[in-house]
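S.K.: One structure, as structure tokens, below. Some questions next.
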Amino acid sequence: MALINRISKLFQADIHAVLDNIEEPEYLLKQAIREMQGDLFATEDKINRLQESQQDIEARETQLKKTMAKFKQELDLCFESGKNELARSLIKRQLETEQYCNHLSARHGSIQQKLAELKTRRNENQLQLESMQQKADLFSIDSAAVSHSEHNHFDMQAAIVSADEIEIAFLSEKQRRQ
């Protein structure tokens with residue numbers, strides 16, 4: 001029974017080792033970075049479209065305000081001329097324009113809120129992405145150091161510092177600080 005348990009544990013350990021080799025954390029990290037960059041690109045695209053929409057709304061609001069000022073002048077003229085039917089028609093158009101202007105103002109506020117949320121999310125994602133990229137850089141440096149040390153044992157001997165070199169560097173550093 002103990003033999004079967006030991007063989008079972010050995011088999012499980014081998015399976016875990018195979019899975020660890022298959023997953024290769026460096027590639028998983030790079031894929032996560034690519035996905036985050038894609039998400040950032042999509043968020044940036046949404047922000048740009050919302051800003052364009054916001055500019056369109058602002059232009060329409062400006063145009064509608066000019067039109068409403070023109071309605072007031074035309075109403076004054078209609079009342080001076082006694083054209084009540086024409087004045088009613090202008091008042092109807094003025095009310096419709098005011099409602100449309102109110103609708104645009106509400107939409108403008110909604111877009112501003114969405115923009116603020118998207119910009120906050122973009123900034124958070126950028127910070128996460130930078131952190132992931134730093135981790136990936138560290139991981140690639142570590143893996144390069146491991147592969148370098150595995151392949152070049154003789155290069156480590158060139159990095160050995162003698163006691164005399166240490167003493168000279170110590171004295172020059174001490175003199176520099178005085």
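S.K.: Residue under question is Leu171, and the condition is that it be modelled with pLDDT under 90, surrounded by 10 or more Cβ atoms within 10 Å (Cβ to Cβ) and in a helix (DSSP H, G or I); does it hold?
M.R.: Values: modelled with pLDDT under 90: yes; surrounded by 10 or more Cβ atoms within 10 Å (Cβ to Cβ): yes; in a helix (DSSP H, G or I): yes.
Against the criterion (modelled with pLDDT under 90, surrounded by 10 or more Cβ atoms within 10 Å (Cβ to Cβ) and in a helix (DSSP H, G or I)), Leu171 qualifies.
S.K.: Report every pair of residues separated by at least 6 positions or lying on different chains whose Cβ atoms are under 8 Å apart, first residue within the range 151-178 and at negative phi, second assigned to a helix (DSSP H, G or I) and modelled with pLDDT under 80.
M.R.: Asp155/His148; Met156/Ser149
S.K.: Let me spell it out: the conditions are (1) touching a residue at least 40 places away in the same chain (Cβ under 8 Å); (2) surrounded by 14 or more Cβ atoms within 10 Å (Cβ to Cβ); (3) over 24 Å from Glu130 (Cβ atoms), and Asp39 meets all of them except one. Which number is the exception?
M.R.: (3)
S.K.: Could you please give the count of residues in the range 31-47 that are among the small types (Gly, Ala, Ser) and over 15 Å from Glu124 (Cβ atoms)?
M.R.: First, the residues of the range 31-47 that are among the small types (Gly, Ala, Ser): 32, 38, 42.
Within this subset, residues satisfying the condition of being over 15 Å from Glu124 (Cβ atoms) are 32, 38.
Here the count works out to 2.
S.K.: Name, by its number, the condition in (1) within 35 Å of the chain's Cα centre (by Cα); (2) at pLDDT 90 or above that does not hold for Leu29.
M.R.: It fails just one condition, (2).
S.K.: Would you point out which residue out of Leu64, Leu86, Leu77 is assigned to a helix (DSSP H, G or I), loosely packed, with under 14 Cβ neighbours inside 10 Å, free of Cβ contacts under 8 Å to residues at least 60 places away in the same chain and not acidic (Asp, Glu)? Even if it seems obvious, please write down each step before you answer.
M.R.: Details: Leu64 fails: loosely packed, with under 14 Cβ neighbours inside 10 Å; Leu86 fails: loosely packed, with under 14 Cβ neighbours inside 10 Å.
From the options Leu64, Leu86, Leu77, the qualifying one is Leu77.
S.K.: Among the candidates Gln99, Gln112, single out the residue that is in contact (Cβ under 8 Å) with a residue 24 or more places away in the chain, assigned to a helix (DSSP H, G or I) and polar (S, T, N, Q). Reasoning before the result, please.
M.R.: Numbers: Gln99 fails: in contact (Cβ under 8 Å) with a residue 24 or more places away in the chain.
None of the others qualify; the one that does is Gln112.
The values are calculated or read from the model by the stated rules, or taken from the named source; none is laboratory data. Here the structure is a predicted model, which means the values were calculated and not measured. Here Cβ is always computed from backbone atoms with ideal geometry, including for glycine, and neighbour counts include all displayed protein chains.
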